[in-house]
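First the structure, in the form of structure tokens, and then the observations on it.
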Amino acid sequence: MTQLNESFSNSVPLRHVRSFGAFHVYKRQANATSVYFLQVGGQIKHTGSKKYISERFMNYVRGSIAMSLRGKSLEQLKEMQA
């Protein structure tokens, strides 16, 4: 969050919207129009509307979940559910 605030030090403060692991969504509303930022691993990867950033965020989350499940056997997956 420090890096984000330093990047936009002369603007309106950012508001944290949601997170999943290393993926964070922030919102800046200097006027009537909000701008959303997707931060991945300490770097801003995407900037845009709420819809666009939500789509990018979910793509990263789905990819992260798929990577964590890859290579696991059916028995391991059943243990994770229990």
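The values are calculated or read from the model by the stated rules, or taken from the named source; none is laboratory data. Bear in mind the structure is a predicted one, so any value in this text is a computation, not a measurement. Note that we place each Cβ from the backbone using ideal geometry, even for glycine, and neighbour counts take in every protein chain shown.
Annotations
- Single residue of the range 1-20 satisfying the filter (more than 8 Å from the chain's Cα centre (by Cα) and modelled with pLDDT of 60 or more) that is nearest to residue 55 (Cα to Cα): 17
- Taken together, 71, 48 contain a single residue that is of a type outside the set (S, T, N, Q) and surrounded by fewer than 11 Cβ atoms within 10 Å (Cβ to Cβ), which is 71.
- Given (1) over 13 Å from residue 22 (Cβ atoms); (2) assigned to a helix (DSSP H, G or I), index of the condition residue 37 fails: (2)
- Yes/no for residue 59 being of a type in the set (S, T, N, Q) and either surrounded by 12 or more Cβ atoms within 10 Å (Cβ to Cβ) or on the phi > 0 side of the Ramachandran plot (or both): yes
- The range 28-39, residues that are closer than 13 Å to residue 54 by Cβ and either surrounded by fewer than 16 Cβ atoms within 10 Å (Cβ to Cβ) or in contact with a Pro (Cβ under 8 Å, 6 or more places away or on another chain) (or both): 34
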